[in-house]
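What follows is a single structure, written as structure tokens, with notes after it.
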Amino acid sequence: MRPSPFTKLSKKPSKAHITNVKPANLQVLGRYVKTNALLAIIAAILGLWALQVLFSYLSELDSLSDTYTMSDALKYIFYRSPYFLEEFMPTGALLGAVVGLGLLANKSELIVMRAAGVSIYRIVGWVLQPALVFVLLALAINQFVLPHSNQLANEINDENSGSLVASVSGYWTVQPRFKAADSSDNVNNSSDMASVQPDGNDILYIDYADVQGNIGEVKRWHLDNNGNLQTAVHAEGGRYFGREAVNEASAKPSEQYRYEWQLSNMTKLTINEGFDSTQSEAASDTLSLPFAPESVYLLTREADSLSLTQLYEHRQFMRQQGKRSLTHELAFWQKLLSPLSILSLVIVACSFVFGSLRTHSLGLRIVVALLFGLLFSYVQDLVGFVSLATGFSPLLMVLLPIIGSTILGGYLIKRQM
């Protein structure tokens, strides 16, 4: 039978033994603590993830219909499972650290380590090292998995597909429109700006776009200079086919190239005087935008569906356009700083264990850890809503709960020194 690493340390320690532990023994102790913490964190994360997957699938059963079958629900939950896994990593790391150290505390192994001269900070460092594995895993899931899995899940279960009310998702913009000074025909791209005059605005909506240049449903409303609706255009989709150069001397810097899409299955409603309307159908039409298909893809995706690098590209693009999206900025900082959330919660977990080695049971520590993990998650959501509602810096609001939990954990650990 393999001896425990605490066999020698469990003997009555001498003064020299209390103040100093041999490096070889420290390595053995370090591996032992890291292994226990790693296995406990894995078990906690997988347990929470499995429960979330099960409850989510049960909730999807209420939405079953002729068009949304049980197999579709299984596929939807399968594609959403990486999101559930990443979502519960901070709470799972907190719970796993409490369980791992709590088991060591119940066997008095932490007391033996402390009596042998191993500092609390060293033990905390050992626990943080396996937590770094999940830090890297969370970043990898955010960057490489979630953008594709969320898109596949949304294609299966689109809650807005049957809605009679227009969705606020996708990309909305207002484009100025011009016409020739001597003609009433619409001229969108004129090389001689002196020969055109304003012709109202187009309100444009694009439901979906991908990086290959394909776009989904397109709606365009044209308002004249007085704000009266003139035409409403609906197209089922479109394909990017190139860009057209604009006169650099007269065009704005953001419109040096006009990127064009070929729309398909277009229906046009024209509002005449006296509110008479006529409807016509056409096989195709042209849509012009001042930015590339990659940018349209970023603009039509929800913040949670973009990777960290895509959120950064979206942020840079909005800056170039002189605009700002607090929702995407908040998602960017939340994903970028999620590793710090995991590490701060692990520090809090260590403080829970060292602060209650003899006075509280492991079950109570687990309950307290779950409550604190839920509280941390709710506070993160709350500060995000505050940032969106007030316009406060998303970076500062995301950092507040992380800094607060780290300070709390450090203070509780210091009290046990």
Condition first: surrounded by 21 or more Cβ atoms within 10 Å (Cβ to Cβ), part of a helix (DSSP H, G or I), touching a residue at least 24 places away in the same chain (Cβ under 8 Å) and polar (S, T, N, Q). Can you find one or more residues in segment 84-98 that meet it?
yes
Which listed residue is of a type in the set (Val, Ile, Thr) and not assigned by TED's automatic domain parsing to the domain that holds residue 218, from 286, 309, 278:
309
Given the options 96, 102, name the one that is assigned by TED's automatic domain parsing to the domain that holds residue 134 and within 22 Å of residue 136 (Cα to Cα).
96
Here are some residues: 310, 334, 316, 380. Which one is farther than 22 Å from residue 121 by Cβ, under 18 Å from the mean Cα position of the chain (by Cα) and without any contact (Cβ under 8 Å) to a residue 40 or more places away in the chain?
316
Take the conditions under 24 Å from residue 399 (Cβ atoms), out of contact with any strand residue (DSSP E or B) (no Cβ under 7 Å at 6 or more places or on another chain), crowded, with 17+ Cβ neighbours inside 10 Å and not assigned by TED's automatic domain parsing to the domain that holds residue 148 and apply them to residue 326. Does it pass?
yes
Report, by residue number, each residue of segment 269-323 that is within 23 Å of residue 221 (Cβ to Cβ), outside any strand (DSSP E or B) and polar (S, T, N, Q).
272, 295, 300, 321
Members of segment 303-315 found to be among the charged types (D, E, K, R) and over 16 Å from residue 211 (Cβ atoms), listed by number
304, 315
Give the residue that is modelled with the lowest pLDDT, with candidates limited to residues of segment 37-67 that are assigned to a helix (DSSP H, G or I) and among the hydroxyl-bearing types (Ser, Thr, Tyr).
63
Of all residues in segment 195-234, which are in contact with a helix residue (DSSP H, G or I) (Cβ under 8 Å, 6 or more places away or on another chain), not β-branched (Val, Ile, Thr) and not in a loop (DSSP other than H, G, I, E, B)?
209
Residues being out of contact with any strand residue (DSSP E or B) (no Cβ under 7 Å at 6 or more places or on another chain) and not charged (D, E, K, R): count how many of those fall in segment 285-304.
3
Could you tell me whether any residue of segment 110-123 is of a type in the set (Ser, Thr, Tyr), surrounded by fewer than 20 Cβ atoms within 10 Å (Cβ to Cβ) and in a helix (DSSP H, G or I)?
yes
Check 295, 338, 305, 284 and return the single one that is small (Gly, Ala, Ser), farther than 26 Å from residue 232 by Cα, at pLDDT below 90 and touching a Leu at 6+ places or on another chain (Cβ under 9 Å).
305
Residues being surrounded by fewer than 15 Cβ atoms within 10 Å (Cβ to Cβ) and of a type outside the set (D, E, K, R) - total across segment 299-311
1
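The values are calculated or read from the model by the stated rules, or taken from the named source; none is laboratory data. Only a predicted model underlies this, so the values are computations on that prediction, with no experimental measurement involved. Backbone-built Cβ (ideal geometry, glycine too); neighbour counts: all protein chains shown.
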